[in-house]
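Presented below is the structure to which this report refers.
Just so you know, all these numbers are worked out from the coordinates, no wet-lab data involved. This one's a predicted model, so the numbers in the text were calculated from it and none came from an experiment. Note: ideal-geometry Cβ built from the backbone for every residue, glycine included; neighbour counts use all protein chains shown.
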Amino acid sequence: MTDYRQFPSPCYVVDESRFRRNLALIQSVAQSSGAEIILAFKAFALWKLFPIVREYIGASTASSLAEARLAYEEMGAPAHTFAPVYREDEFDAIAACSSHITFNSLAQYTKYAQRCRQAGISCGLRCNPELSLVETDLYNPCVQGSRLGVPPAQLPDRLPEGIEGLHFHCLCESSAADSESLIARVEERFGQYLPALRWVNFGGGHLMTREGYEVDRLVDAIRAFRSRHPHLRVILEPGSAFAWRVGELVSTVQDVVENGGVRTAMLDVSFACHMPDCLEMPYQPSIMGAKPAEGAAYVYRMGGNSCLSGDYVGDWGFDAPLQAGDRIVFEDMIHYTTVKTLMFNGVSHPSIGVVRLDGRFELLRSYSYEDYKNRMD
């Protein structure tokens with residue numbers, strides 16, 4: 001059993017053996033189904049571990065210039081890139097690091113199509129299959145009024161010249177049955193376009209490394225789709241599946257406070273700063289050695305170390321009182337958490353400037369790819 005006191009606190013800790021187990025399963029699904037499975041950086045971008053990833057899979061998907069550069073430099077292969085919108089001043093740099101670029105609208109494709117042709121890019125269009133399989137709206141790409149993907153009613157009878165693939169994403173930590181539903185919806189709503197395409201990307205959310213996931217069912221669904229459309233290359237781009245349950249966030253109790261009958265363990269980590277999904281979702285992670293609060297001898301809320309009033313999550317039950325110096329180990333804290341803590345999607349921070357008394361603008365700080373890469377170091 002791992003002695004978590006040997007690690008610094010706070011610390012994200014990845015277990016290589018568990019990581020490799022996930023990678024081996026993903027590789028086996030790719031080989032059995034004939035699909036190409038690529039790593040989505042939006043969920044996992046710890047690039048010092050990419051040499052391990054490259055032993056199992058060879059490509060990745062990016063959502064920004066920073067992620068595309070990371071794919072090209074550290075994965076050693078051009079990225080499959082999708083962004084909700086592309087900036088004029090970044091597009092050529094993105095194209096230089098990409099083999100595939102998917103557009104969120106017909107207008108964006110029209111704007112950049114010629115530049116893609118000149119760069120030899122395979123172009124795709126993200127479509128909204130209008131299939132809501134994710135209960136939490138914050139994570140539902142097909143929520144009513146979604147800004148992501150072109151609905152079928154807005155597509156022309158024939159796709160614009162140069163569109164070689166369609167990209168669909170409506171899953172989030174979903175089951176093989178949900179993947180089947182997505183494939184069926186694509187054939188139902190977009191079947192007329194499939195004969196003219198070279199590839200179809202069924203996006204992320206295929207949580208094939210979760211315990212109890214029906215891996216064979218996913219493989220069968222992909223193989224059946226490929227048998228009906230043998231000319232199509234099938235791509236999946238899960239993120240969570242790669243780093244699902246491969247590591248923890250180690251923290252330490254610094255103090256215990258009580259107010260209104262609520263006992264709070266004050267930690268050296270912050271939910272707002274280090275585990276934002278817990279407040280966004282909301283999501284209560286598992287704590288090693290803890291149990292449900294109901295009926296427990298000692299119940300504690302976990303308090304973050306920022307001054308945000310809502311920087312807490314609870315409650316958990318323990319068999320003994322917590323005290324300063326006790327380690328609190330949050331489970332499954334690598335996928336998405338490490339990225340959202342830093343620069344989600346590789347989206348750069350805004351520059352900072354000041355307008356001086358004489359009206360002169362002075363740029364104090366701008367952010368670059370190196371800032372993103374160094375923070376994912």
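Numbers below:
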{"quantity": "Output for segment 219-239, where each listed residue is of a type outside the set (A, V, I, L, M, F, W, C) and more than 21 Å from Ala79 (Cβ to Cβ)", "calculated": "Asp220, Arg223, Arg226, Ser227, Arg228, His229, Pro230, His231"}
{"quantity": "Residue in segment 276-294 that is in a strand (DSSP E or B) and farther than 15 Å from Glu331 by Cα present", "calculated": "no"}
{"quantity": "Residue ID - nearest to Pro141 (Cα to Cα), chosen from residues in segment 170-179 that are within 16 Å of the chain's Cα centre (by Cα) and not in a strand (DSSP E or B)", "calculated": "Cys170"}
{"quantity": "Some residue of segment 31-41 being assigned to a strand (DSSP E or B), among the acidic types (Asp, Glu), surrounded by fewer than 22 Cβ atoms within 10 Å (Cβ to Cβ) and in contact with a helix residue (DSSP H, G or I) (Cβ under 9 Å, 6 or more places away or on another chain)", "calculated": "yes"}
{"quantity": "Residues of segment 42-79 that turn out to be among the basic types (Lys, Arg) and part of a helix (DSSP H, G or I), as a count", "calculated": "2"}
{"quantity": "Residues satisfying the stated conditions in segment 80-119, i.e. in a helix (DSSP H, G or I) and touching a residue at least 40 places away in the same chain (Cβ under 8 Å)", "calculated": "Leu106, Tyr109, Thr110, Ala113, Cys116, Arg117"}
{"quantity": "Yes/no for Gly205 being on the phi > 0 side of the Ramachandran plot and touching a Ser or Thr at 6+ places or on another chain (Cβ under 6 Å)", "calculated": "yes"}
{"quantity": "Segment 54-72, subset under 13 Å from Tyr369 (Cα atoms) and touching a Phe, Trp or Tyr at 6+ places or on another chain (Cβ under 8 Å), residue surrounded by the fewest Cβ atoms within 10 Å (Cβ to Cβ)", "calculated": "Arg69"}
{"quantity": "Members of segment 113-129 that are in contact with a helix residue (DSSP H, G or I) (Cβ under 8 Å, 6 or more places away or on another chain) and under 15 Å from Val85 (Cβ atoms)", "calculated": "Leu125"}
{"quantity": "Residue match in segment 180-201 (condition: assigned to a loop (DSSP other than H, G, I, E, B) and over 18 Å from Tyr109 (Cα atoms))", "calculated": "no"}
{"quantity": "Subset of segment 87-106 (residues that are over 20 Å from Trp199 (Cα atoms) and crowded, with 21+ Cβ neighbours inside 10 Å)", "calculated": "Ile94"}
{"quantity": "Check on Leu194, in contact with a His (Cβ under 7 Å, 6 or more places away or on another chain), surrounded by 15 or more Cβ atoms within 10 Å (Cβ to Cβ) and over 24 Å from His335 (Cα atoms)", "calculated": "yes"}
{"quantity": "Selection within segment 340-377 - in a helix (DSSP H, G or I), at negative phi and in contact with an Asp or Glu (Cβ under 9 Å, 6 or more places away or on another chain)", "calculated": "Lys340, Tyr372, Lys373"}
{"quantity": "Identity of the residue in segment 133-169, of a type in the set (A, V, I, L, M, F, W, C) and not in a loop (DSSP other than H, G, I, E, B), that ends up surrounded by the most Cβ atoms within 10 Å (Cβ to Cβ)", "calculated": "Leu166"}
{"quantity": "Index of the failed condition, Asp315 passing every other in (1) of a type in the set (Asp, Glu); (2) surrounded by 17 or more Cβ atoms within 10 Å (Cβ to Cβ); (3) closer than 30 Å to Ala68 by Cα", "calculated": "(3)"}
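Each row is one residue, and each column tells you yes or no for (1) more than 30 Å from Ala45 (Cα to Cα); (2) free of Cβ contacts under 8 Å to residues at least 12 places away in the same chain; (3) not hydroxyl-bearing (Ser, Thr, Tyr).
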site: Pro292; (1), (2), (3): yes, no, yes
site: Met302; (1), (2), (3): no, no, yes
site: Cys307; (1), (2), (3): no, yes, yes
site: Ala324; (1), (2), (3): yes, no, yes
site: His335; (1), (2), (3): no, no, yes
site: Val339; (1), (2), (3): no, no, yes
site: Val347; (1), (2), (3): no, no, yes
site: Ile352; (1), (2), (3): no, no, yes
